[in-house]
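The values are calculated or read from the model by the stated rules, or taken from the named source; none is laboratory data. Keep in mind that this is a model prediction, so the values were computed, not measured. Note that we place each Cβ from the backbone using ideal geometry, even for glycine, and neighbour counts take in every protein chain shown.
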Amino acid sequence: MWRWFHKLGSPKYFYTLAGRLIPWLGGATSLFFLAGLYLGLVVAPPDYQQGDSYRIMFIHVPSAWMSMLVYTLMAFWGLVVLVWRVKIAEVLASASAPIGASFTFLALATGSLWGKPMWGAWWVWDARLTSELILLFLYLGFMALEAAIEDRRTAARATSVLALVGLVNIPIIHYSVYWWNTLHQGATVTKLDQPSIHLSMLIPLLVMALAFQLYYLTVLLMRSRTELLARERRASWVIEMVQER
Amino acid sequence: MNGSSLPRALLGLLRRDLLIAYRHRGEVLNPLLFFVIVISLFPLGISPEGRVLATLAPGVIWIAALLSVLLSLDSVFRSDFEDGSLEQLLLSPQPLTLLLLAKMLAHWLITGLPLVLAAPLLGVILHLPAAAMPVLVASLVLGTPVLSLIGAIGMALTVGLRRGGVLLSLLVLPLYVPVLIFGATAVEAAAAGLSVSGHLALLGSLLLFAVTLAPLATAAALRISIG
Amino acid sequence: MSLGEFLHMGGYAFYVWSAYGLALVVLALNLTQPWRRRRVLLREIAAWLREERENP
């Protein structure tokens with residue numbers, strides 16, 4: 001088991017393994033998306049209060065969950081980079097950032113689209129959306145720092161520190177934003193948190209959540225492979241592989 | 001290495017930074033001036049009406065403080081980076097985290113403390129109720145060091161970069177949000193006559209948290225940026 | 001439920017379909033961008049190899 005981990009650290013092995021996994025992951029992703037979309041858009045009944053607009057939740061909530069999960073993973077890989085200096089961890093963290101930022105953006109945009117018919121405004125400073133906005137800034141900061149540093153390995157280590165600092169701060173930010181929101185509660189009561197969710201809506205939500213996770217893995221491997229190729233372009237294994245094509 | 005060299009090294013560093021600041025005291029006043037000017041812009045941009053200003057005052061003062069500290073962060077490391085003393089710091093046998101704490105203390109004394117002292121006056125011109133003044137000062141005393149400490153991490157990450165200034169803001173401002181929220185709401189609560197012990201406790205916890213962890217992250221970041 | 005009703009989404013058609021459409025665009029972009037970049041990279045490396053062989 002331990003040897004497999006060690007093997008995984010080898011760029012060539014990772015590249016080929018990822019290449020073999022991607023089609024399977026992609027297939028599974030598509031299946032779950034189709035199932036989730038069918039269950040969420042067709043099978044699930046309209047909501048008593050929100051009618052059909054609540055269906056946006058099936059995109060909004062999984063996106064928000066993923067935005068948090070991806071940042072946590074980025075920080076975890078950052079730790080691996082700082083402690084063990086594993087190249088693959090550098091690549092995984094770097095590849096995750098744009099995906100996580102996309103999820104965050106999607107959560108914000110769909111949150112806005114969901115909120116407009118409900119609250120009459122395109123944007124409300126509710127706790128969840130405000131937290132997501134700050135998370136987007138954290139992602140963008142990560143990507144900006146990475147882009148600003150020339151040497152790839154230094155960039156990886158610097159962004160690792162940033163990701164860990166960000167991760168430690170996220171609970172504090174969440175707590176402060178939720179607290180701030182309750183203090184100014186007069187404005188709106190957030191409807192994005194359903195008090196208790198009906199099973200017919202919970203199942204599509206979970207299926208979509210799984211679809212999003214599989215999607216993340218698929219895209220992660222695709223981006224990582226490409227990133228690895230770019231970083232290792234003069235390595236012997238890359239040259240051999242290109243010659244064989 | 002004799003046992004008393006750590007305290008001596010720390011005091012030496014503190015003295016040095018304060019001395020340099022004193023020699024350039026014109027520059028040191030800039031963040032304070034920025035603080036005053038920014039606050040003055042709000043009545044001009046929004047409304048001079050007393051009631052409106054009083055509502056805005058806690059947030060405005062806190063945001064201005066936050067931006068002023070951000071502006072001053074450059075002074076913490078950049079000149080030391082340019083003259084090589086930052087590298088010397090990394091090579092020192094003393095623990096880097098403690099040396100950085102000393103540096104952060106110096107930075108706060110130079111930047112944060114003037115803001116704290118100026119705040120009541122600015123509270124007056126923003127029609128902040130007198131009852132809120134002590135809490136304003138207390139919240140800034142607890143909060144501005146946190147801003148220095150967090151800002152140092154960002155500074156350490158970007159010190160070697162050419163146009164690190166704007167990037168620094170992007171990295172550090174999201175991390176400032178909790179301090180801003182706890183600080184501003186403390187002052188608002190005081191202005192409304194409510195209890196502030198919870199707010200100040202939260203600020204105090206943030207300070208403790210920052211003092212223990214931020215130097216570690218700053219040290220790691222410096223080693224990466226320079227080492 | 002008829003197709004018309006489905007598309008109508010109880011009057012919320014614009015919001016619901018914009019949200020799902022946006023998701024489709026964002027997710028598709030994340031898929032195509034690395035795919036295309038990889039192909040470009042492979043071509044670049046192959047070209048570099050050919051040059052190296054011709055001008056040792």
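Please name all residue pairs, on different chains or six or more residues apart, with Cβ atoms under 6 Å, provided the first residue is in region C:14-43 and is within 8 Å of chain A (Cβ to nearest Cβ) and the second residue is hydroxyl-bearing (S, T, Y) and assigned to a helix (DSSP H, G or I).
Close Cβ pairs (under 6 Å, with a partner that is hydroxyl-bearing (S, T, Y) and assigned to a helix (DSSP H, G or I)) amount to C:Y15/A:S53; C:A19/A:T110; C:V26/A:S102; C:N30/A:S102; C:P34/A:T226; C:R37/A:T226; C:R38/A:T226.
Residues in region B:86-108 that are under 19 Å from B:R15 (Cβ atoms) and buried (at least 16 other Cβ atoms within 10 Å of the Cβ): how many?
The number of residues fulfilling the criteria is 15.
Conditions: (1) away from chain C (no Cβ under 14 Å); (2) in contact (Cβ under 8 Å) with a residue 24 or more places away in the chain; (3) hydroxyl-bearing (S, T, Y). A:T154 meets all but one. Number of the miss?
Status for A:T154: all satisfied but (2).
Is it true that B:T158 is at pLDDT below 95 and touching a Pro at 6+ places or on another chain (Cβ under 7 Å)?
Spelling it out, it is not the case that B:T158 is at pLDDT below 95 and touching a Pro at 6+ places or on another chain (Cβ under 7 Å).
Yes or no: A:T130 at the interface with another protein chain (Cβ under 7 Å from one of its Cβ atoms) and either surrounded by fewer than 17 Cβ atoms within 10 Å (Cβ to Cβ) or on the phi < 0 side of the Ramachandran plot (or both)?
So A:T130 does not fit the description; no.
Does at least one position in region A:138-146 carry a residue that is acidic (D, E) and within 14 Å of A:G166 (Cβ to Cβ)?
Scanning region A:138-146 turns up at least one residue that is acidic (D, E) and within 14 Å of A:G166 (Cβ to Cβ).
Do the conditions hold for A:Y54, that is, is it more than 11 Å from every other protein chain (Cβ to nearest Cβ), in contact (Cβ under 8 Å) with a residue 40 or more places away in the chain and at negative phi?
Details: more than 11 Å from every other protein chain (Cβ to nearest Cβ): no; in contact (Cβ under 8 Å) with a residue 40 or more places away in the chain: yes; at negative phi: yes.
Taking the combined requirement at face value, the residue does not satisfy it.
Does region C:37-47 contain any residue that is within 13 Å of the chain's Cα centre (by Cα), surrounded by 14 or more Cβ atoms within 10 Å (Cβ to Cβ) and either hydrophobic (A, V, I, L, M, F, W, C) or part of a helix (DSSP H, G or I) (or both)?
Within region C:37-47, one or more residues are within 13 Å of the chain's Cα centre (by Cα), surrounded by 14 or more Cβ atoms within 10 Å (Cβ to Cβ) and either hydrophobic (A, V, I, L, M, F, W, C) or part of a helix (DSSP H, G or I) (or both).
Sort out which residues of region C:7-43 are polar (S, T, N, Q) and on the phi > 0 side of the Ramachandran plot, and write them in order of number.
Step one: filter region C:7-43 for residues polar (S, T, N, Q), giving C:18, C:30, C:32-33.
Within region C:7-43, none qualify.
Give the residues of region A:32-51 that are within 11 Å of chain C (Cβ to nearest Cβ), buried (at least 18 other Cβ atoms within 10 Å of the Cβ) and farther than 18 Å from C:Y15 by Cβ, sorted by residue number.
A:F33
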